[in-house]
Amino acid sequence: MSYGQVFNLLKEKNLKNWLLYTKHDFVNLLSSDSLEEKYFLNYLIQDYLFLIQFSKAWSLAVLKSDTLEEMKIAANTVNDLINFEMELHIKLCGSYNISKNDLESANEENENIAYTRYVLELGYSGDFLDLLSALAPCVLGYGEIGMNGKNLKIKTPMYQKWIDTYSSDEYQDVCKNVANLIDQAFLLRLGSDYVNTYKWNKVNKIFNKATLLEIDFWNMALK
């Protein structure tokens, strides 16, 4: 799956961990209709809490932006997270009598805290490229997972709805916009030879760490 030049380079540099993330047992079990629903509901509840913090991190991207176009894309992503992706979680959990209040009052697991606070800390103390490198694995990884499962026919309606959401044209447009934002941000700040700058090694480490934290999140869901 191709979502832009910078993302592809970061993904190839960290391919082993990227595949452990996007082809994790949780994803494989869901895609094969073999995932126990209790694990999926555990994931949905934690992911709802995750998205609250992730939306805050994307809000920091608005603050860190240098151009109006960057601000627009970051702000639109916040809107998509709050009014699109989180609503999906509310609807899916509602079908299992888990209310919005239940979601918001749930306890955050340690893995959830570790991931979201890592990204938020980069938003507070790092620059725009640091933050985007930490945000990219979630947004673009879910887009890739969605497209990998697009042609599957899953019997469990909740699992099919989840795949349909991340393979949808709407979500794929979010991925394309974010990938373009990342490409343009690197070019603007580092020039076309960004892979040979001091910054490149740092953003690779950030991208890889966020990918590892995604793996931990799946592991948490299966506990």
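What to note about this one:
- Scanning region 1-30 for residues that are surrounded by 14 or more Cβ atoms within 10 Å (Cβ to Cβ) and at pLDDT below 95 yields a total of 3.
- Number of residues in region 166-195 that are of a type in the set (Val, Ile, Thr) and surrounded by fewer than 17 Cβ atoms within 10 Å (Cβ to Cβ): the value is 1.
- Those residues of region 30-46 which are of a type outside the set (Ser, Thr, Tyr) and in contact (Cβ under 8 Å) with a residue 60 or more places away in the chain, in sequence order: Leu30, Asp33, Leu35, Glu37, Phe40, Asn42, Ile45, Gln46
- Residue check for Ala221: of a type in the set (Gly, Ala, Ser), open to solvent by less than 80 Å² (accessible area, probe 1.4 Å) and under 13 Å from Cys138 (Cα atoms): no
- Taking residues in region 1-29 that are assigned to a helix (DSSP H, G or I), and partners anywhere that are small (Gly, Ala, Ser) and surrounded by fewer than 15 Cβ atoms within 10 Å (Cβ to Cβ), the pairs with Cβ atoms closer than 9 Å and at least 6 places apart or on different chains are Asn8/Ser2; Asn28/Ser34.
- Residue list for region 150-165, filter: surrounded by fewer than 21 Cβ atoms within 10 Å (Cβ to Cβ) and either of a type outside the set (Lys, Arg) or in contact with a Leu (Cβ under 8 Å, 6 or more places away or on another chain) (or both): Asn151, Leu152, Ile154, Thr156, Pro157, Met158, Gln160, Lys161, Asp164, Thr165
- Checking each residue in region 31-52 for being assigned to a helix (DSSP H, G or I) and open to solvent by 20 Å² or more (accessible area, probe 1.4 Å) picks out Ser31, Glu37, Lys38, Tyr39, Leu41, Asn42, Ile45, Ile52.
- Qualifying position, being acidic (Asp, Glu) and either under 26 Å from Asn8 (Cα atoms) or modelled with pLDDT under 95 (or both), among Glu69, Glu109: Glu69
- Residue list for region 53-88, filter: basic (Lys, Arg) and open to solvent by less than 50 Å² (accessible area, probe 1.4 Å): none
- Members of region 177-223 found to be aromatic (Phe, Trp, Tyr) and either under 30 Å from Leu29 (Cα atoms) or in a loop (DSSP other than H, G, I, E, B) (or both), listed by number: Phe207, Phe217, Trp218
- Inside region 89-102, residues that are hydrophobic (A, V, I, L, M, F, W, C) and buried (at least 19 other Cβ atoms within 10 Å of the Cβ) make up a count of 2.
- Restricted to helices (runs of 4 or more DSSP H) entirely inside region 53-126, those with at least 2 residues that are of a type in the set (A, V, I, L, M) and over 30 Å from Arg189 (Cα atoms) are 86-94.
- Hey, Gly143 surrounded by fewer than 23 Cβ atoms within 10 Å (Cβ to Cβ), of a type outside the set (D, E, K, R) and either modelled with pLDDT of 95 or more or closer than 20 Å to Val27 by Cα (or both) or not: no
- Boolean, Cys138 is free of Cβ contacts under 8 Å to residues at least 60 places away in the same chain and surrounded by 19 or more Cβ atoms within 10 Å (Cβ to Cβ): no
The values are calculated or read from the model by the stated rules, or taken from the named source; none is laboratory data. Computed from a prediction, not measured in an experiment: that's the story for all the values here. Note that we place each Cβ from the backbone using ideal geometry, even for glycine, and neighbour counts take in every protein chain shown. With ligands, DNA and RNA removed, areas are computed over all heavy atoms of the protein, side chains included. Shrake-Rupley method; radii C 1.70, N 1.55, O 1.52, S 1.80 Å.
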